[in-house]
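To start, the structure under review is shown below, and the notes come after it.
Please treat every number below as a calculation from the coordinates, not as lab data. Remember, predicted model here, so these are calculated numbers, not experimental data. Every residue, glycine as well, gets a Cβ built from its backbone with ideal geometry; the counts of neighbours run over all protein chains shown.
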Amino acid sequence: MVNSKGLVKLIELIIAIVIIMAILLVANRQNKPEQNAPDISELARDILKEIASNESLRNEILAAQIDTTQMIQTVSFINISLPDYFNFELRACESSNACGQSSYVGDVYSAERIIGATTTTFNTVKLRLFIWVR
């Protein structure tokens, strides 16, 4: 075999390049920053859960029924609970209705909760909270 030393050196060089590329590839994947974006649907569910557990907001919703213009404290609570870069729409309807958003813009996240059943009456209202990034 003529020039077997050259062939061995070439194979060693290729193996070294493959090992170095593999190490760089693994190191690059480990150094990527994780995106800690909040789960917006989870945020909407948490806000509706807080509303359902707050007695004054709950009573306001049951008194207003499906008229969200009368839910001033509830809308204010949602506005305070959300970061400034989110817009939202609160819809209220009967529990058997779909309760869709009035206008659709971009990626919209939503959650719903049925509010009802005081100690004296059984009026249920479905609240739907739509959240999107400005």
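The table for this structure:
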{"item": "For volume of the Cα convex hull per residue in Å³, calculated from these coordinates, the label among (i) 189; (ii) 148; (iii) 101", "result": "(i)"}
{"item": "Net charge, SER103 excluded, C-beta distance under 12 Å - Lys, Arg +1, Asp, Glu -1", "result": "0"}
{"item": "J(HN,Hα) series, the stretch 82-94, from Karplus relation 6.51 cos²θ - 1.76 cosθ + 1.60, nearest Hz, glycine and proline x", "result": "8, x, 5, 8, 10, 9, 8, 9, 9, 10, 10, 8, 5"}
{"item": "Degrees between helix 4-30 axis and first principal axis of the chain (Cα, 0 to 90, nearest 10)", "result": "20 degrees"}
{"item": "Proxy reagent accessibility, fewest Cβ within 10 Å first, across GLU94, GLU112", "result": "GLU94, GLU112"}
